[in-house]
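Q: Please see the structure below; I have some questions.
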Amino acid sequence: MSKLTIAVIFGGCSSEYGVSLESAYAVISHMDTDRYIPLMIGISRQGDWFYYQGDVEKIAGDTWCNENDCIPAAVSPERREHNLLLLEKGGVRKLPIDVAFPVLHGKNGEDGTVQALFELAGIPIAGCGLLASALCMDKDRAHKLVSTAGVAVPAAVVLRKETEMKDVLKQAEKIGYPLFVKPVKAGSSFGVTKVTDRTELPAAVSLAFEYDDTVIVEENIDGFEVGCAVLGNEELTVGEVDEIELADGFFDFTEKYTLKTSAIHVPARIDSRTAEQIRETAKIIYKTLDCRGFARVDMFLTPSGEIIFNEVNTIPGFTSHSRYPNMMKAAGMSFEQIISAVIELAVYPETRQGSHKY
């Protein structure tokens, strides 16, 4: 059987550019080269697209974007031919693409923008498509939609830049302190602040507005965060539930990528019945938001045992210490098998999960 060409897209005009490089390096390094040919597409911090033909190690070290290794490129919108167009000095050269595998985090990559480009071109996408990507990036709309499926969500209010601070303070009082202030559309906890009293609120709101034009003020949920790695289109596979143990504060960017004062337990330190309830809730959330391929569903578990939705990461981290691959590993699936499964789900979207040998 001929090998499939997999366009791995990394970098991006996003505050999470660096995380994308780490994830893409891991994805490319663990791709089954007996079955797939990685075609590397790098997006600079400024948003320029390149066909990258250098050593994969340069991606991890952020030295990939250079004249020797890069050719300016664009995705052809022609649906009859799935091609990457190389914009060379002598003309345009075409490279065929079988599957697009975006490994981008945050805005301009995880929010449906890149997914829309490939959907327009008719190129199969590994992972969630336009609708799910856009919905899951928008914390407010994701919460509202998931609540209609009977899943509990935190109390919250959305602010716009014209909202007066006196109104913000009144709404915060109704929610109660402590609370969280977050950009509506951002990832990796950029712009997120845990606010313990009203004096801290103006600065937190100002910070969040640096990352988005809408901000959500959300109640603090007592308990701890749990997550589920979900894989599949119709038939879903869910990895072991994980648990985030915090020494103090919240799971911000530093903690997510260094674990200095926190720990992640896989499997979570909960009973099997509760773990199964969490997995079933994750499936409901995943399908409600039209997710496909793979995603990580994050929830809170309260002391009373209530499960409350937090967010969905449609392109979760794929670094060596990332939660998604570790949850799937605990369920018996290697990193290589995950990558192959995600690709096959894009190639055969209607095939039931488990019908192909990954």
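The values are calculated or read from the model by the stated rules, or taken from the named source; none is laboratory data. Being a predicted model, the structure only gives us computed values, none of them experimental. All Cβ positions, even for glycine, are placed from backbone atoms using ideal geometry, and neighbour counts span all protein chains on display. In case anyone asks, the SASA skips ligands and DNA or RNA and just uses the protein heavy atoms, side chains included. Shrake-Rupley method; radii C 1.70, N 1.55, O 1.52, S 1.80 Å.
Q: Pop out the carbon and sulfur fraction of the accessible area of the chain as a percent, whole number, probe 1.4 Å.
A: 50
Q: Still on this structure, please answer the following. Once you sort the root eigenvalues of the Cα gyration tensor of region 147-211 as a ≥ b ≥ c, which label holds: rounded (a/c under 1.5), prolate (a/b larger than b/c) or oblate (the other case)?
A: Cα axes put region 147-211 in the oblate bin.
Q: For Gln171 and Ser29, what is the calculated FRET efficiency with R₀ set at 51 Å and r taken between the beta-carbons, to the nearest 0.05?
A: That gives a FRET efficiency of 0.60.
Q: Still on this structure, I have one more. Go through region 299-310 residue by residue and turn each phi into a ³J(HN,Hα) via Karplus (6.51, -1.76, 1.60, θ = phi - 60°); whole Hz please, and just put x for glycine and proline.
A: 9, 10, 10, 7, x, 7, x, 6, 9, 10, 5, 10
Q: For region 29-128, what is the convex hull volume of its Cα atoms per residue in Å³?
A: Here the figure is 118 Å³ per residue.
Q: Can you tell me the order of 169-178, 8-17 when each peptide is scored by its average per-residue count of other Cβ atoms within 10 angstrom, highest first?
A: Output ranking for 169-178, 8-17: 8-17, 169-178.
Q: Something else about it: Each residue of region 320-327 in order: what ³J(HN,Hα) in whole Hz does its phi give by Karplus 6.51 cos²θ - 1.76 cosθ + 1.60, θ = phi - 60°, with x for Gly and Pro?
A: Karplus-based 3J(HN,Hα) across region 320-327 equals 4, 10, 6, 5, 4, x, 6, 5 Hz.
Q: Per DSSP H run of n ≥ 4, the term is -39500 (n - 2.57); total these for the chain, divide by its residue number, and report the mean residue ellipticity at 222 nm rounded to 500 deg cm²/dmol.
A: When only DSSP H runs of four or more count, the value is -8500 deg cm²/dmol.
Q: Moving to a separate point now. Can you order the peptides 284-290, 264-270, 43-49 by their average number of other Cβ atoms within 10 Å per residue, highest first?
A: Highest-to-lowest ranking by the protection proxy: 284-290, 264-270, 43-49.
Q: Evaluate the relative contact order of region 106-189 (contact order divided by residue number), counting alpha-carbon pairs under 8 angstrom at least 6 apart; express in whole percent.
A: 32
Q: Report the accessible area of Thr63, computed with a 1.4 Å probe over the heavy atoms of all protein chains in place, in Å² rounded to the nearest 10.
A: 80
Q: Moving on. Using only C-alpha positions, report the orientation-averaged shadow area of the convex hull of region 34-93, nm², one decimal.
A: 5.5
Q: For the chain, with every protein chain kept in place, what is the accessible area per residue (1.4 Å probe, Å²)?
A: Spelled out: the 1.4 Å probe surface of the chain, per residue, equals 44 Å².
Q: A further question on this structure: What residues qualify as long-range amide H neighbours of Cys128, i.e. H under 5 Å apart, gap of 5 or more or another chain, H built at 1.01 Å from N?
A: Arg292, Phe294
Q: Also, quick follow-up: Relative contact order for region 33-92 using alpha-carbon pairs under 8 Å, separation at least 6, rounded to a whole percent?
A: It rounds to 24 percent for region 33-92.
Q: Over the chain, how many percent of alpha carbon pairs lie in each 10 Å bin up to the one with the longest distance?
A: Pair shares across the bins are 5, 24, 34, 23, 11, 3, 0.
Q: Using the Karplus curve 6.51 cos²θ - 1.76 cosθ + 1.60 with θ = phi - 60°, work out ³J(HN,Hα) for each residue of region 164-181 in order, rounded to whole Hz, and write x for Gly and Pro.
A: 3J(HN,Hα) across region 164-181, in whole Hz: 6, 4, 4, 6, 4, 4, 5, 5, 5, 4, 5, 6, x, 9, x, 8, 10, 10.
Q: Could you pull out the pairs from Lys3/Lys107; Lys161/Lys283; Lys139/Lys161; Lys58/Lys139; Lys185/Lys287 whose alpha carbons sit more than 28 Å apart here?
A: Going by Cα-Cα distance, Lys3/Lys107; Lys161/Lys283; Lys58/Lys139 fall outside the 28 Å limit.
Q: What is the packing order of peptides 197-203, 329-335, taking the mean over residues of other C-beta atoms within 10 Å and listing the highest first?
A: 329-335, 197-203
Q: Right, next: At most 16 other Cβ atoms within 10 Å and a DSSP loop assignment: could you name the GluC sites (Glu not before Pro) in region 309-349 that fit?
A: none
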